[in-house]
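Chemist: Sharing a structure here in structure tokens format.
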Amino acid sequence: MKSSKGEERRLAIEAAARQMLLNQGYSGVSLRKIANQLGISVGNLQYYFSTKDDLVEAVILGETQKPIELLGNVLWNPNDLEANVDQAVGSLMRYYASDAGRFYAIMEVLALHDHRYAKIKADGYAYILSHIEQLVAIMSPNLSLDRRAGLAQVLVALIDGASLQVQFSRGSAHGDGIAALIDDVSKAIQHLLRVWE
């Protein structure tokens with residue numbers, strides 16, 4: 001399906017804002033600078049995003065959808081614990097190892113000051129947590145709902161912490177380094193799933 005010119009313009013605006021947000025942070029995002037970069041008027045840009053916050057929100061929402069899509073693509077197999085965990089952890093951590101991980105740091109700061117970003121953060125976390133709870137339910141079907149929810153929170157914290165390590169060690173956590181970290185986190189999660197009961 002061919003996209004419309006309006007949709008192409010919207011995507012170009014979001015892409016420019018994404019780069020500006022990554023390179024200059026929230027305070028560096030400017031509707032005027034983006035309009036100039038794209039060769040359009042500020043009024044034309046505001047047809048798509050009336051304020052800077054509307055634009056930044058759209059960019060961050062787009063970023064929070066990607067890990068949700070990644071988890072949605074996991075083929076949950078009740079007979080293959082290792083493959084389930086490897087696929088879920090690997091896809092999330094590779095995503096967070098990219099520049100996308102920086103968006104989560106930006107969102108964390110914005111969420112402290114603005115309810116719209118706090119809601120995006122809460123919704124994204126709840127969705128990821130629900131997928132990890134599904135994994136726990138498949139792998140440990142005898143756990144009570146409370147224990148399942150508790151284990152899912154522990155596993156998400158483990159993935160979040162490892163992803164944060166990837167972001168702080170940008171040079172050493174790529175290639176073989178990230179593969180080894182993913183393997184270690186997967187093994188730790190598999191162990192927790194086996195012993196939690």
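Please treat every number below as a calculation from the coordinates, not as lab data. Here the structure is a predicted model, which means the values were calculated and not measured. Cβ placement follows ideal geometry from the backbone for every residue including glycine, while neighbour counts extend to all protein chains displayed.
Chemist: If you split all Cα-Cα distances of segment 39-162 into 10 Å bins from zero, what percentages do you get per bin, shortest first?
Modeler: 12, 38, 29, 14, 6, 2
Chemist: Given contacts defined as C-alpha pairs under 8 Å and at least six residues apart, what's the relative contact order of the chain, whole-number percent?
Modeler: 21
Chemist: Going by alpha carbons, how many degrees (0 to 90, nearest 10) lie between the helix axis of 5-24 and the longest principal axis of the chain?
Modeler: For helix 5-24, the angle is close to 70 degrees.
Chemist: Here's something else I'd like to know. May I ask for the angle, rounded to the nearest 10°, between helix 81-97 and the longest principal axis of the chain, with both axes built from Cα atoms and the value confined to 0 to 90°?
Modeler: 30
Chemist: Another one. 222 nm [θ] for the chain, helices only, -39500 (n - 2.57) per DSSP H run of 4+, per residue, to 500?
Modeler: Calculated at 222 nm, the ellipticity per residue is -26500 deg cm²/dmol.
Chemist: Treating only the Cβ atoms of Lys and Arg (+1) and Asp and Glu (-1) as charged, compute the dipole magnitude of the chain about its Cα centre; round to the nearest 20 debye.
Modeler: 700
Chemist: Determine the relative contact order of segment 29-140: mean sequence separation of Cα pairs under 8 Å and six or more apart, normalised by residue count, in whole percent.
Modeler: For segment 29-140, the relative contact order is 26 percent.
Chemist: So what are the three principal axis dimensions of segment 11-50 from its Cα atoms, in whole Å, longest to shortest?
Modeler: 23, 17, 16
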